[in-house]
Amino acid sequence: MTLVKVNNKPFGNFVDEFLNDFPALGKSWINDSFSFPPVNIHETPDAYHLEFNVPGRDKEDFKINFENGLLTVSYEKKEENQSEDYKTVRREFSYRSFKRSFSIDQQVDATRIQAKYENGLLKLLLPKKEEAKQSSRQINID
């Protein structure tokens with residue numbers, strides 16, 4: 001299976017290099033504005049496992065879509081209505097939207113993809129098709 005990242009750092013290193021020249025902005029502003037959640041990808045004989053590090057979010061705000069061999073995971077925080085008697089003095093929690101796409105080959109059984117969100121990790125299970133599962137066997141030498 002080939003997993004190819006799409007939409008990761010859309011502006012490339014140009015923005016990083018440009019903004020690094022402005023120390024007043026700080027690295028955290030750069031990382032918050034142009035970063036995507038990190039993802040771990042594991043392979044077992046039966047499936048691929050993707051883990052997105054996305055703590056503090058609601059599972060209802062995630063969208064997972066598979067179309068034409070492209071798996072897309074996106075997040076958009078729904079706006080909260082604030083009352084007039086409640087004023088935020090400082091906001092450091094940042095829940096920016098993101099969209100990550102992966103090109104998935106024919107080994108994955110798209111009809112059985114599963115997802116769950118627990119303890120700040122969005123976990124996706126991409127089961128392999130039966131014919132794609134590799135069985136190990138001992139090969140005798142003549």
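General observations
- Length released on extending from residue 110 to residue 64, taking residue separation times 0.36 nm less the Cα-Cα span: 15.4 nm
- Using a probe of 1.4 Å on the protein chains alone, the accessible area found for residue 88 is around 60 Å².
- Accessible-area order (highest first, 1.4 angstrom probe) of the listed residues 141, 104: 141, 104
- Exceedance of the 31 Å cut-off in Cα-Cα distance is limited, within the set 99/129; 87/123; 78/128, to 87/123; 78/128.
- Summary of packing: across the peptides 66-75, 113-122, the per-residue average of other C-beta atoms within 10 Å ranks them, highest first, as 66-75, 113-122.
- Accessible-area order (highest first, 1.4 angstrom probe) of the listed residues 51, 130, 84: 84, 130, 51
- Computed accessible area, residue 112, all protein chains, 1.4 angstrom probe, square angstrom: 100 Å²
The values are calculated or read from the model by the stated rules, or taken from the named source; none is laboratory data. All of these numbers come straight from a predicted model, not from anything done at the bench. When we count neighbours, we look across all protein chains shown, and the Cβ atoms used for this are built from the backbone with ideal geometry, even at glycine. We work out accessible area using only protein heavy atoms, side chains counted, and drop any ligands, DNA or RNA first. Shrake-Rupley method; radii C 1.70, N 1.55, O 1.52, S 1.80 Å.
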